[in-house]
Structure formats: structure tokens, C-alpha cells
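Peer 1: What follows is a structure written as C-alpha cells; I'll ask about it next.
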Amino acid sequence: MFLAAMMFAAFTTASAQEEPIEIKEFQPHWFLQLQGGASHTLGEAKFMDLISPTAQLAVGYQFNPVLGLRLQGSGWESKGGWVSWPGKAAAGEDGSYTYKWNYVSAGLDLKINLVNLFGGWKPKRVFGMNLIVGGAANIGFKNDEAQNIPVYEGYELEYLWDGTKVRPVGRFGLDFDFRCSDRVSINLEGNANILDDHYNSKKAGNPDWYFNALLGVKIALGPTVKTTIIEPDPVIIEPAPKPEPKPEPKPVKPIVKKPELRTEIFYPIREVVATGSEAAKLENLISFLKQNPETNVNVKSYADAGTGNPKINQMYAQKRAENVKKALVEAGIDEARISVESFGDTVQPFSENDKNRVSIAIAK
């Protein structure tokens, strides 16, 4: 039975495999925005009297987590008017008056994601905020109500226009995304649009403005996250060798334990050079290596998984390992005695997240 078991073991190998590593990266993509809401044309009438409907359709491309560009078309209706018209008030009538016209606007906007710019990209982040800066062409038409205003004493539309008018527009604003899934988010936008003084047919001596408040949906037209699965190499377990006859016992020599030192150097977030008390640990390691020239040192460096992303964390870990090696070499330690490894955030030697910003040097 024993012989059969040994023969079976001699022709059998087993493999053990660690858990696969999942890496998520931002994926550039096209997107679509559909929005509707209200527009306010700045003027002398009461605020609510100058509210009108508006809608916007935009197609854009997100180049990276921070920068996007969109082609947008918006429009519907704008209003103008007065709180008190002298001629009507003198006749004992209500002095307020409003009139409306239609417009469409088409332009190009740059979108800057402020949350990703200052906080880094996170694939599951719920909230995003974008700064919008752009320009457009405003096409106004159907200004019939202004054309047909009765001529009351005391007022004249000095910039009254007819037909179709095209005017350049500067625009800026903010929009807010509330993530529903990898491809869909609820979008809230507010933007301000500035034109020349002729837009509302009234001469004011300063530019005309209209402001849009829009609510809608933003849809990514492709995947926004690229997921890469890294399968670790299998660990081959060789069969146990056939036991050999035990040799005659030899005199036991006393075992002299080789000196060994473990040094853990911790870093603040985004730092790659040891400072303060951590630098003192590095000096202690240098002293140990000089006192024990027969020893070698292996430096393993890590980054915490709670911040950053896999690419950035791999960079931090690599620089920490290289800086420890550089300090040892500059202190006179033979480079041949030093080996370094960096694991990024794929391995977390400590349960406490912040402690994983660490270089662990084992000298023996």
C-alpha cells in the first residue's frame, strides 16, 4: 500500500492559484444629453413675467476623466417687457407689458469635471460637477409681438428687429451629474448666455442676458470603464521525493544564528521619501548593514488601496522602493546587496488602510 502511494505521488502534480486581480480604468466615450427646463431673459419686467420654456440636446465626447467636449443645440422662447409703461399708466391702465419671440442656439462647449480634477477618478462615484465654458450662434425669429406693440406715449423700441437675426453668444455655467449606472446619470444644468444689446429690441447700453435651468438625462453611448482581469501564475506543487536511507548521524555543529533586521518605513499620503522618525529608521537600517557586511536586504514597497487608482498606486510604490535603495547606495551599501520589489495596492500587508503606504526592508 505504501509503495502504491509513493508511485502515485511521483507522477502527480497539483497547482494552487491566488485570487485574480481586477484593474479598472477610465474608458473614453461618446455621450448624449437630453434636457428641458426654464429660461429667464434679463429685463425690466417682473422676474416671473420673463420666464419661458427651453430645451437642449447635446452630443459630446469625454476624452478623459477631466475633459469633455460637446456640440449642443438649445432654444424655444425668450421674453421682454416692462414693469411700468408711462403711457398706459397715465391712462389708468396696468403699466406692465411683455412680449415674446423664438430662438435656437447651436454651439460648442468645453466641460471640465471639477470633482475628478481635484479628487481623482473613481468608477463608482455618485456625484460629479462640471464647469461649462463655450460659445454659440443664437438665431432669433418670429419677433411679431414686438413688431405689433401699440405705440403708447413715452416708449419706443430703439433696437426693434424683424425677420431672422443671427448673433454670437458667450456661455458659461455648471452642471451636476447624479450617477444611476455606469452609462446613465440624472443631469442638472444651469448656464448663463451673453449677447449684444439688440437681442430684446430695447436699448439698455449694456449686453443682454438669458439664463437657462435644465433637468434631464445623460447617457454614455459606450462603456465608461475598462476592466482588466490579471490571472496570477499558478504555483506548481511538486510531488514529494522518494525518501532516501537515513545516513549515519554526524556530530552536530553549533548553529550560529545569522543577524536579521526588519524595518517598516511608513509614508504620508502621496509621499515617497522617508522623513522625520521614519528617516531615523532608515539610518538604523544603514548602520545595521554596515555592521553586518555578510547580510543582504530586500525592500518591498506598497501603496494603500483606499486612495488613488492602480496605476498611480503602482507608481508611488515603485518610487518608495527606489528611494530606499538610493539612500542605501548613497550611504555606501553595495548595490549588489540590495533587491527591491513594488506591489502597488495589489497586496495590503496591514489591515489598517493608511499603514499600507509602507516600505518593508528585511536584512539578513
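The values are calculated or read from the model by the stated rules, or taken from the named source; none is laboratory data. These numbers were taken from a predicted model, which means no experiment stands behind them. All Cβ positions, glycine included, derive from the backbone under ideal geometry; neighbour counts span all protein chains shown. The area values use the complete protein model at the heavy-atom level, side chains included, leaving out ligands, DNA and RNA. Shrake-Rupley method; radii C 1.70, N 1.55, O 1.52, S 1.80 Å.
Peer 1: Please enumerate the residues belonging to the range 67-85 that are surrounded by fewer than 18 Cβ atoms within 10 Å (Cβ to Cβ) and within 22 Å of Pro223 (Cβ to Cβ).
Peer 2: Leu67, Leu69, Leu71
Peer 1: Out of the residues in the range 37-66 meeting the condition of being open to solvent by less than 40 Å² (accessible area, probe 1.4 Å) and more than 24 Å from Asp208 (Cβ to Cβ), tell me which one is nearest to the chain's Cα centre (by Cα).
Peer 2: Pro65
Peer 1: Looking at this structure, is Leu221 surrounded by 14 or more Cβ atoms within 10 Å (Cβ to Cβ) and among the aliphatic types (A, V, I, L, M)? Walk me through how you get there before you give the answer.
Peer 2: Details: surrounded by 14 or more Cβ atoms within 10 Å (Cβ to Cβ): no; among the aliphatic types (A, V, I, L, M): yes.
When the stated conditions are applied, Leu221 does not pass them.
Peer 1: Name the single residue that is farthest from Asn64 (Cα to Cα) among those in the range 225-247 being outside any loop (DSSP other than H, G, I, E, B) and either at pLDDT 75 or above or open to solvent by 100 Å² or more (accessible area, probe 1.4 Å) (or both).
Peer 2: Looking only at the range 225-247, we keep the residues that are outside any loop (DSSP other than H, G, I, E, B), and these are 225-230, 235-237.
Now narrow it down to the ones that are either at pLDDT 75 or above or open to solvent by 100 Å² or more (accessible area, probe 1.4 Å) (or both): 225-230.
On the way: Val225: 11, Lys226: 13, Thr227: 16, Thr228: 18, Ile229: 22, Ile230: 23 Å.
Restricting to residues being outside any loop (DSSP other than H, G, I, E, B) and either at pLDDT 75 or above or open to solvent by 100 Å² or more (accessible area, probe 1.4 Å) (or both), the top hit is Ile230.
Peer 1: Just to be sure, is Leu57 farther than 17 Å from Tyr103 by Cα and in a strand (DSSP E or B)?
Peer 2: Answer is no for this residue.
Peer 1: For the range 193-206, give me the residue count where each residue is farther than 20 Å from Ala106 by Cβ and of a type outside the set (Gly, Ala, Ser). Quick ask: steps written out before the conclusion?
Peer 2: Residues of the range 193-206 that are farther than 20 Å from Ala106 by Cβ, as a first pass: 197, 200-206.
With of a type outside the set (Gly, Ala, Ser) added as a condition, the list becomes 197, 200, 202-203, 206.
Going through the range 193-206 one residue at a time, the tally reaches 5.
Peer 1: So, one more: Return the only residue of Val324, Val340, Val329 being surrounded by fewer than 18 Cβ atoms within 10 Å (Cβ to Cβ), more than 20 Å from Glu25 (Cα to Cα), of a type in the set (Val, Ile, Thr) and without any contact (Cβ under 8 Å) to a residue 60 or more places away in the chain. Spell out the reasoning first.
Peer 2: Values: Val324 fails: surrounded by fewer than 18 Cβ atoms within 10 Å (Cβ to Cβ); Val340 fails: surrounded by fewer than 18 Cβ atoms within 10 Å (Cβ to Cβ).
Result of the check over Val324, Val340, Val329: Val329.
Peer 1: Here's a check for you: in the range 141-177, which residue that is modelled with pLDDT of 95 or more and among the small types (Gly, Ala, Ser) is most open to solvent (accessible area, probe 1.4 Å)?
Peer 2: Here the answer is Gly170.
Peer 1: Surrounded by 16 or more Cβ atoms within 10 Å (Cβ to Cβ) and within 28 Å of Ser351 (Cβ to Cβ) - does that describe any residue in the range 289-296?
Peer 2: The answer is no, given that none of the residues of the range 289-296 is surrounded by 16 or more Cβ atoms within 10 Å (Cβ to Cβ) and within 28 Å of Ser351 (Cβ to Cβ).
Every residue, every condition in (1) touching a strand residue (DSSP E or B) at 6+ places or on another chain (Cβ under 6 Å); (2) within 13 Å of Ser359 (Cα to Cα), yes or no:
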position: Gly276; (1), (2): no, no
position: Ser287; (1), (2): no, no
position: Val297; (1), (2): yes, yes
position: Ser301; (1), (2): yes, yes
position: Pro310; (1), (2): yes, no
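Peer 1: Can you pull out the residues in the range 339-355 that are part of a helix (DSSP H, G or I) and either farther than 14 Å from Asp304 by Cβ or under 23 Å from the mean Cα position of the chain (by Cα) (or both)? Spell out how you get there, then give the answer.
Peer 2: Step one: list which residues in the range 339-355 are part of a helix (DSSP H, G or I), which gives 353-355.
Of everything in the range 339-355, those that are part of a helix (DSSP H, G or I) and either farther than 14 Å from Asp304 by Cβ or under 23 Å from the mean Cα position of the chain (by Cα) (or both) turn out to be Asn353, Asp354.
Peer 1: I need the full set of residues from the range 266-277 which are under 18 Å from Gln314 (Cβ atoms) and open to solvent by 50 Å² or more (accessible area, probe 1.4 Å), in order please.
Peer 2: Residues of the range 266-277 that are under 18 Å from Gln314 (Cβ atoms), as a first pass: 267, 269-273.
Once the filter is applied, which keeps residues that are under 18 Å from Gln314 (Cβ atoms) and open to solvent by 50 Å² or more (accessible area, probe 1.4 Å), the range 266-277 yields Ile269, Arg270, Glu271, Val273.
Peer 1: So which residues in the range 267-301 are of a type in the set (Val, Ile, Thr) and in a helix (DSSP H, G or I)? Walk me through how you get there before you give the answer.
Peer 2: Let us first name the residues in the range 267-301 that are of a type in the set (Val, Ile, Thr), namely 269, 272-273, 275, 286, 295, 297, 299.
Listed by number, the list holds a single entry, Ile286.
Peer 1: For the range 185-204, state whether one or more residues are open to solvent by less than 60 Å² (accessible area, probe 1.4 Å), among the charged types (D, E, K, R), farther than 26 Å from Tyr61 by Cα and not in a loop (DSSP other than H, G, I, E, B).
Peer 2: Quick first cut of the range 185-204, residues open to solvent by less than 60 Å² (accessible area, probe 1.4 Å) only: 185, 187, 189-195, 197, 199-202, 204.
Applying the additional criterion that residues be among the charged types (D, E, K, R) yields 189, 197, 202.
Among the residues that remain, those that are also farther than 26 Å from Tyr61 by Cα are: 197, 202.
Among the residues that remain, those that are also not in a loop (DSSP other than H, G, I, E, B) are: none.
No, every residue in the range 185-204 fails to be open to solvent by less than 60 Å² (accessible area, probe 1.4 Å), among the charged types (D, E, K, R), farther than 26 Å from Tyr61 by Cα and not in a loop (DSSP other than H, G, I, E, B).
Peer 1: Now a separate question. Somewhere in the range 113-122, is a residue assigned to a strand (DSSP E or B), crowded, with 19+ Cβ neighbours inside 10 Å and either over 13 Å from the mean Cα position of the chain (by Cα) or on the phi > 0 side of the Ramachandran plot (or both)?
Peer 2: We begin by selecting, within the range 113-122, every residue assigned to a strand (DSSP E or B); these are 113.
Filter once more, keeping what is crowded, with 19+ Cβ neighbours inside 10 Å: 113.
Applying the additional criterion that residues be either over 13 Å from the mean Cα position of the chain (by Cα) or on the phi > 0 side of the Ramachandran plot (or both) yields none.
Within the range 113-122, none of the residues are assigned to a strand (DSSP E or B), crowded, with 19+ Cβ neighbours inside 10 Å and either over 13 Å from the mean Cα position of the chain (by Cα) or on the phi > 0 side of the Ramachandran plot (or both).
Peer 1: Which condition number does Tyr316 fail, the rest of (1) open to solvent by less than 70 Å² (accessible area, probe 1.4 Å); (2) part of a loop (DSSP other than H, G, I, E, B); (3) within 23 Å of Glu22 (Cβ to Cβ) being met?
Peer 2: (2)
Peer 1: Here's something else I'd like to know. Consider Pro207 against the criteria (1) closer than 24 Å to Phe141 by Cβ; (2) crowded, with 21+ Cβ neighbours inside 10 Å: it satisfies all of them except one. Which criterion is unmet?
Peer 2: Among (1) closer than 24 Å to Phe141 by Cβ; (2) crowded, with 21+ Cβ neighbours inside 10 Å, the lone unmet condition for Pro207 is (2).
Peer 1: Quick one: is Thr263 surrounded by 10 or more Cβ atoms within 10 Å (Cβ to Cβ), at pLDDT below 90, not in a loop (DSSP other than H, G, I, E, B) and not hydrophobic (A, V, I, L, M, F, W, C)? Quick ask: steps written out before the conclusion?
Peer 2: On the way: surrounded by 10 or more Cβ atoms within 10 Å (Cβ to Cβ): yes; at pLDDT below 90: no; not in a loop (DSSP other than H, G, I, E, B): yes; not hydrophobic (A, V, I, L, M, F, W, C): yes.
In short, no.
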